[in-house]
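The values are calculated or read from the model by the stated rules, or taken from the named source; none is laboratory data. Computed from a predicted model, the values in this text were never measured in an experiment. Glycine gets a Cβ as well: all are built from the backbone with ideal geometry, and neighbour counts include every protein chain shown.
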Amino acid sequence: MGQELDRNEHRHASKNGCGHGSKQTDAASLTQHGVQVSVPDPATFLKAKIHISINRIMATYLSNLEELADEHDEAMGKLIDTLPPEHKAKVALANVYGEARFDAIRKHVLFAGNSQTRELNEVVEFLRIKGDDE
């Protein structure tokens, strides 16, 4: 896994959805039209859903974080614009939410999401999941 969402592309990641309807109905419909369909085993399907769900959570969190950073930058800019020149440097020193801080938080979010995905995939390995044919 280990994929990282770029600061700009994470806004679009949560918009990517997965198909609707049951896999059985979709497969049957496609097969009727001469398309050969392979439905994954239930464990593989569950792992894929876990991966998609965790990635959506991470993308949403990162999008919110980006909005917060943009609002903060805008507010700091307005504040600095209203100050006399001799005070601007002091206010800039007080700004603890810079690009480095955003990157650190982003890495924590991605690490946590990827760790949860790995942990849940390990749990799936120990489950006995019945398929439609069982």
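General remarks:
- Checking Glu71 against (1) within 19 Å of the chain's Cα centre (by Cα); (2) exposed (fewer than 12 other Cβ atoms within 10 Å of the Cβ), the condition it does not meet: (1)
Residues are listed down the side, and each one gets a yes or a no for (1) aliphatic (A, V, I, L, M); (2) part of a helix (DSSP H, G or I); (3) surrounded by 14 or more Cβ atoms within 10 Å (Cβ to Cβ); (4) modelled with pLDDT of 90 or more:
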residue: Ser38; (1), (2), (3), (4): no, no, no, no
residue: Lys47; (1), (2), (3), (4): no, yes, yes, yes
residue: Ile54; (1), (2), (3), (4): yes, yes, yes, yes
residue: Gly77; (1), (2), (3), (4): no, yes, no, yes
residue: Ala89; (1), (2), (3), (4): yes, yes, no, no
residue: Lys107; (1), (2), (3), (4): no, yes, no, yes
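- Long-range neighbours under 7 Å by Cβ, at least six apart or interchain, first residue farther than 13 Å from Ile105 by Cβ within the range 53-67, second among the aliphatic types (A, V, I, L, M): Asn55/Ala13; Ala59/Leu5; Ala59/Ala13
- Applying the condition of being of a type in the set (A, V, I, L, M, F, W, C) and surrounded by 13 or more Cβ atoms within 10 Å (Cβ to Cβ) to the range 112-129 and asking which residue is modelled with the lowest pLDDT yields Val124.
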